[in-house]
Amino acid sequence: MSETQLAGKTALVTGAGGGLGREIARSLAQAGAHVLLHGRQAAPPEALAAEIDRAGGTCAVVAADLTRDDAAAAFAARAEPIDILVNNAGGRDRRPLAELDRGAVRRLLEINLVAPFDLARQLSARMPAGGRIINITSIAGPIARSGDAAYTMSKGGLEALTRALAAELGPRDITVNAVAPGFFATDANAAMVADPAIADHLARRTSLGRWGQPAEIAGAVLFFASPAASYVTGQVLAVDGGYVAHF
């Protein structure tokens, strides 16, 4: 993508302090967008902000707890509207069904599903024609594994929300799509990356036979954010090395 393809656009990337969010934010800045780097605390995105500044990009760090009712409203009240919203922030709670309670499920739904809904609802009200909403879901939306019910239901809901928003916002020329990552070697997955049993599983179970590297998520997000995807909406693109397709 050209370094000026997103020039003049403002993008908000939630959860930009690490992992996939960091790479997504970096790639949008490289493509010319002014990027709002969200983190629950300001410190995690600050190193990335310094890197973007050194590379000649423009960005700003914004701290907010997205589970608060007023978080989305604060973003929506900005003087300049947001052209590209990337709902990347999320959480996980891997526990057997018997160990989950209503409170745990509600907490995960708040960050993984309710926060993206509210950001899309409020920011789209001022989003100009040609706006983009990109939800980071998971291959755990269409497929499941034992001991991960809360996460799977939240990501499945985010896929459904993607389609619902695409239908509702399409008449305003706002597209809504999702990227569904598979197994990525992020800091949060460090223990799993070091586990030979999981490496062996991926060698057998994915078409490419390996973990994804965080930078490999960027291309799919850039595509959905770009003019090249102007007639693509309501879609979920798995970036998983062939995990879902492979058997």
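The values are calculated or read from the model by the stated rules, or taken from the named source; none is laboratory data. Small disclaimer: the values here were computed from a predicted structure and weren't measured. So basically every Cβ, Gly included, is an ideal-geometry build from the backbone, and we count neighbours across all protein chains shown.
Some notes on this structure:
- Unique residue being within 24 Å of the chain's Cα centre (by Cα) and part of a helix (DSSP H, G or I) when the list is Ala190, Ala203: Ala190
- Which listed residue is assigned to a helix (DSSP H, G or I) and without any contact (Cβ under 8 Å) to a residue 40 or more places away in the chain, from Ala150, Ala160, Ala104: Ala160
- Qualifying residue in the stretch 106-128 (condition: under 17 Å from Val13 (Cα atoms), acidic (Asp, Glu), touching a strand residue (DSSP E or B) at 6+ places or on another chain (Cβ under 7 Å) and modelled with pLDDT of 95 or more): no
- In the stretch 57-78 there is no residue that is under 19 Å from Phe224 (Cα atoms) and within 19 Å of the chain's Cα centre (by Cα).
- Note on the stretch 129-165: among residues that are at pLDDT 95 or above, of a type in the set (A, V, I, L, M, F, W, C) and surrounded by fewer than 18 Cβ atoms within 10 Å (Cβ to Cβ), the one that is nearest to Leu28 (Cα to Cα) is Ala129.
- Tabulated pairs, the stretch 125-139, first farther than 16 Å from Thr162 by Cα, second among the hydrophobic types (A, V, I, L, M, F, W, C) and assigned to a loop (DSSP other than H, G, I, E, B), C-beta under 6 angstrom, 6+ apart or interchain: Met127/Ile174
- Here Gly8 passes the criteria (1) within 25 Å of Pro128 (Cβ to Cβ); (2) in a helix (DSSP H, G or I); (3) out of contact with any helix residue (DSSP H, G or I) (no Cβ under 8 Å at 6 or more places or on another chain); (4) at pLDDT 95 or above except the one numbered (2).
- Single residue of the stretch 64-79 satisfying the filter (among the small types (Gly, Ala, Ser) and surrounded by 15 or more Cβ atoms within 10 Å (Cβ to Cβ)) that is nearest to Pro128 (Cα to Cα): Ala76
- Residue in the stretch 37-56 that is over 19 Å from the mean Cα position of the chain (by Cα) and assigned to a loop (DSSP other than H, G, I, E, B) present: yes
- Within the stretch 123-139, the set of residues being assigned to a loop (DSSP other than H, G, I, E, B) and not hydrophobic (A, V, I, L, M, F, W, C) comprises Arg126, Pro128, Gly130, Gly131, Thr137, Ser138.
- Residue-level check: of (1) out of contact with any Ser or Thr (no Cβ under 7 Å at 6 or more places or on another chain); (2) surrounded by fewer than 17 Cβ atoms within 10 Å (Cβ to Cβ); (3) in contact (Cβ under 8 Å) with a residue 40 or more places away in the chain, Ala98 misses just (3).
- The stretch 174-187, subset of a type in the set (A, V, I, L, M) and either in a loop (DSSP other than H, G, I, E, B) or without any contact (Cβ under 8 Å) to a residue 60 or more places away in the chain (or both), residue surrounded by the fewest Cβ atoms within 10 Å (Cβ to Cβ): Ala185
- Residues satisfying the stated conditions in the stretch 213-233, i.e. touching a helix residue (DSSP H, G or I) at 6+ places or on another chain (Cβ under 9 Å), small (Gly, Ala, Ser) and surrounded by 16 or more Cβ atoms within 10 Å (Cβ to Cβ): Ala218, Ala225, Ala229
- Any chance Ile82 is surrounded by 14 or more Cβ atoms within 10 Å (Cβ to Cβ), touching a residue at least 12 places away in the same chain (Cβ under 8 Å) and not in a loop (DSSP other than H, G, I, E, B): no
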